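Take a look at the structure set out below.
The values are calculated or read from the model by the stated rules, or taken from the named source; none is laboratory data. This one's a predicted model, so the numbers in the text were calculated from it and none came from an experiment. Positions of Cβ are generated from backbone atoms using ideal geometry, with glycine treated the same way; all protein chains shown enter the neighbour counts. Please note that ligands, DNA and RNA were not included when accessible areas were found on the heavy atoms of the full protein model with its side chains. Shrake-Rupley method; radii C 1.70, N 1.55, O 1.52, S 1.80 Å.
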Amino acid sequence: MAEKTNTQNGGTWSADRLPDLGGRTVVVTGANSGIGLTAADALARAGAHVVLAVRDTERGRAAAAAVHGSTEVRRLDLADLASVRAFAEAWQGPLHLLVNNAGVMMLPRQRTKDGFEMQFGTNHLGHFALTNLLLPHITDRVVTVSSGAHRWGGARIDFDDLDLAANYTPQRAYARSKLANLLFTLELQRRLAESGSPVRALAAHPGYAATNLQSHAASPVLRAFMRLGNRFFAQDDRAGALPTLYAATEDLPGASYVGPDGLGEMRGAPTLVGRSRAAGDPLTARRLWRVSEELTGTHFPLAQGEQAGV
């Protein structure tokens, strides 16, 4: 985990620059492969106790065996709100950092156990519920992994068709779920600040990183194209994890969005990046929050002036 990249000011930033995280506890969702596993390894190497929150605990234990540091594996299926609640109800003690990393990408039309469109239900609603349920334990920050795909095709949240029943495509559903991640981060930060909490909400995206996420795309043509892209153009998972690690440990303002600094934010060193106009709309963010509360039955748990993690 010593890969170094150039930052905009000519310096370097790598996983070797992580601070000492001794005594800290971290949850990384979807940590059994890809950038989630790479981030978990880097955080554990820095001294954190890392909980790999995964749907398949057997795969999770195999992944944890390759992590250099203190780990444990707990089951979490973000496509099942009962599993999300069980994970949160079992949590005891402080949680320094929650990394909402898990996700599904460009699947054929499917539904979660609770009946939600799979990509919106997993990538957004599952993490929305998990964050709110764990928030009383969180002491430092929440980092949610979004994507440059939030810009695709002028992505927007259609509140009259959240399931995309009228015009579903795998690409449109994925873009919308990643837009929802950014709107969630925006509104979460507003609520944290309003409550007087020291906890920060940030987002990150890996650029074009070669992981197994692309292998589940609905179209075989798209899968073949992505295999070529992964081989010849993509960053590896070490570089792809750097924006997440940067957002998780650097002193950044709440609601910051971190991604690669290269052309098209496809690769490069972690830096603060922009987002689409739709992703910065506070009114849409508030409306999405209210709808997400109704759909998941979870709510922001901190009252005005209440401190998280206390």
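For residues that are assigned to a strand (DSSP E or B) and crowded, with 19+ Cβ neighbours inside 10 Å, tally how many sit in the range 106-139.
Taking the range 106-139 first, the residues assigned to a strand (DSSP E or B) are 111, 117, 138-139.
Now restrict to residues that are crowded, with 19+ Cβ neighbours inside 10 Å: 117, 138.
The number of residues fulfilling the criteria is 2.
Select from the range 108-156 the residues that are of a type in the set (Asp, Glu) and within 19 Å of Tyr168 (Cβ to Cβ) and write down the one among them that is farthest from the chain's Cα centre (by Cα). Looking at residues that are of a type in the set (Asp, Glu) and within 19 Å of Tyr168 (Cβ to Cβ), I get Asp114. Within the range 241-270, restricting attention to residues that are under 17 Å from Arg151 (Cα atoms) and not in a loop (DSSP other than H, G, I, E, B), the residue that is most open to solvent (accessible area, probe 1.4 Å) is Leu263. Selection of the range 75-103 for residues being part of a loop (DSSP other than H, G, I, E, B) and surrounded by 20 or more Cβ atoms within 10 Å (Cβ to Cβ) yields Leu76, Asp77, Leu78, Ala79, Asn101, Ala102, Gly103.
One line per residue, one yes/no per condition, for (1) more than 19 Å from Trp91 (Cα to Cα); (2) surrounded by fewer than 22 Cβ atoms within 10 Å (Cβ to Cβ):
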residue: Gly30; (1), (2): no, no
residue: Leu37; (1), (2): yes, no
residue: Ala40; (1), (2): no, no
residue: Arg45; (1), (2): yes, yes
residue: His49; (1), (2): no, yes
residue: Leu52; (1), (2): no, no
residue: Arg55; (1), (2): no, yes
residue: Ala65; (1), (2): yes, yes
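For the range 276-304, give me each residue that is part of a loop (DSSP other than H, G, I, E, B) and among the hydrophobic types (A, V, I, L, M, F, W, C). Of everything in the range 276-304, those that are part of a loop (DSSP other than H, G, I, E, B) and among the hydrophobic types (A, V, I, L, M, F, W, C) turn out to be Phe300, Leu302, Ala303. Sub-9 Å Cβ pairs linking a first residue in the range 144-170 that is within 17 Å of Gly274 (Cβ to Cβ) to a second residue that is part of a loop (DSSP other than H, G, I, E, B) and among the β-branched types (Val, Ile, Thr), at least 6 apart or interchain, are Gly148/Val273, ordered by first then second residue. Here is the figure for the range 157-198: residues that are within 15 Å of the chain's Cα centre (by Cα) and farther than 28 Å from Ala31 by Cα total 0.
Take the residues in the range 151-189 that are touching a strand residue (DSSP E or B) at 6+ places or on another chain (Cβ under 7 Å) and part of a helix (DSSP H, G or I), then tell me which one is surrounded by the most Cβ atoms within 10 Å (Cβ to Cβ). Step by step, filter the range 151-189, then rank; the result is Thr185.
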